[in-house]
1. Within a Cβ distance under 10 Å of A66, other residues only, what is the Lys/Arg minus Asp/Glu net charge?
2. Please name whichever of G98, N279, H216 sits farthest to the positive end of the charge dipole of the chain, dipole taken about the Cα centre and charges placed at Cβ: Lys and Arg +1, Asp and Glu -1.
3. Sort region 32-190 into rounded, prolate or oblate with this rule: let a ≥ b ≥ c be the square roots of the eigenvalues of the Cα gyration tensor; rounded if a/c is under 1.5, and if a/c is not under 1.5, prolate when a/b is larger than b/c, oblate otherwise.
4. I need two numbers for the chain: Rg to one decimal and Dmax as a whole number, Cα atoms only, in Å.
5. Do you know the relative contact order of the chain, to the nearest whole percent, from alpha carbon pairs under 8 angstrom that are 6+ apart?
6. For a quick check: with amide H placed at 1.01 Å from N, whose amide H comes under 5 Å from Y271's, ignoring anything fewer than 5 positions away on the same chain?
7. If contacts are Cα pairs under 8 angstrom and at least 6 residues apart, what is the relative contact order of region 241-317 in percent?
8. Would region 316-368 count as rounded, prolate or oblate if I go by the C-alpha gyration tensor, calling it rounded below 1.5 in a/c and otherwise prolate when a/b exceeds b/c, oblate otherwise?
Amino acid sequence: MKFFKQKYTFIILGVILFLVFSCKKNIKSNENLNTVLIENTKIELNNEQLFDTIQYQTFNYFWDGAEPNSGLARERIHIDNIYHPTSPKNTVTTGGSGFGVMAILVGVERGWISKKQALNRYLKIVNFLSQADRFHGAWPHWIDGETGRVRPFGKKDDGGDLVETAFLIQGLLTVSEYFKDGNEKEKELVAKIDKLWRGVEWDWYTKGGEEVLYWHWSPKYGWDMNFRVGGYNECLIMYILAAASPTHSISKDVYENGWARNGEIMSNKSYYGEDLVLNYFEHDEDPVGPLFWAHYSYLGLNPKGLSDQYANYWKLTQNHAKIHYKYSVDNPKKFKGYGDSLWGLTSSYSTKGYYAHRPKKDIGVIAPTAALSSFPYTPKESMNVLVNIYKNHDSLVGKYGPYDAFSFENNWYLPRYLAIDQGPIPIMIENYRTGLLWKLFMKNEEVKKGLLKLGFTYEKND
């Protein structure tokens, strides 16, 4: 079956059709136009309208596609309706839901839903979370969206997941900043978010006072998973929130000795002509990680102007994206399709199930989220990918935006989505366009105190 020869008719809702046709008259002759196929009709969109299109589609994963009882993000949405028994359709994801509540704010600001609609959804979400399983304040990786009970992510991964919890809290604190000066009902939401935030026992996850945070704890298996979180990876936001907690804060020593590994996190090496800044792996020699490491912690945490004794985080994240771009242009394995308009490796669905793609673990699979969530770092290079997918490979785009991953090399894709891959797309594009989520999160007074406690300097946006 030749997937990439097919023509695909977008499943476009009324809002998108209104967006495209009402905005078309505003296209200026000197603007960059992109011809895309919508409803079997070629439509010329400028870059801003193309942003609106993909942001709407990916936002809608978390709006129309949400699990109905909880309002939270489904772990995955498979258009082919094939799910594994361990992760049925009503499985919701803690971290992906943190991304989802931020994506909903994009929907409000872009006018796709009202502030009141978002408020009602958020109240449903926080009410559900307040009754869902928690383990010393941390939610599990997966939750049954109908019952609120833990759904095991793995054999021993049936308790608290502090990293996923950090991604959720990052999103909730961003929402709180958006509504904090609002009416009585909005302040009710803010108070409920504050209670959830204060309930996370970050310090307990030091396993009795060790100078490091542990990823998991299970009431049945205790600390058996034994995952000490040392950097660098996607987990910086966890240490910052743990330091910022008004009730269960960690000391700076936990950050320095656990995350930064007594300074061993620093690197003076380069790859593809770009400084690495930090060592990406504690236990292997790969120079860089999958690109989601430059996204998850930085959906709210603004890397622009962010520095501590170990890194300039803008240089770190921007170089990470540049390295992935340069690697794909170089294309040392000669994989079909790679180049300046098709690049970016990250953890995603794959020809090998779920796989952590990166330059040293490249098997010819591209996940659109890698480049599309890197717009703040590589705007021109990311735009090349956005235009290429929508103009030339419309079979790879469905109701909720580009499908999770594909391989021209292997003539492979699945009509499936993952929350953790769709979520960063509308958020990071919005941060590129307006800085919305960065401005909100970085206004939080407790976050500021946590950053100060750990020795960070950052841009003031107040």
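1. Every neighbour counted, the sum reads +1.
2. The Cα lying farthest towards the positive end belongs to G98.
3. Oblate shape, in that a/c is at least 1.5 and b/c is the bigger or equal ratio.
4. Cα-based Rg and Dmax for the chain come out at 21.0, 65 Å.
5. Contact order relative to length: 18 percent.
6. L276
7. The normalised contact order for region 241-317 reaches 20 percent.
8. oblate
All of the numbers you see were taken from the coordinates with simple rules; none came from a lab. Worth saying up front: this structure is predicted, and the values here are computed from it rather than measured. When we count neighbours, we look across all protein chains shown, and the Cβ atoms used for this are built from the backbone with ideal geometry, even at glycine.
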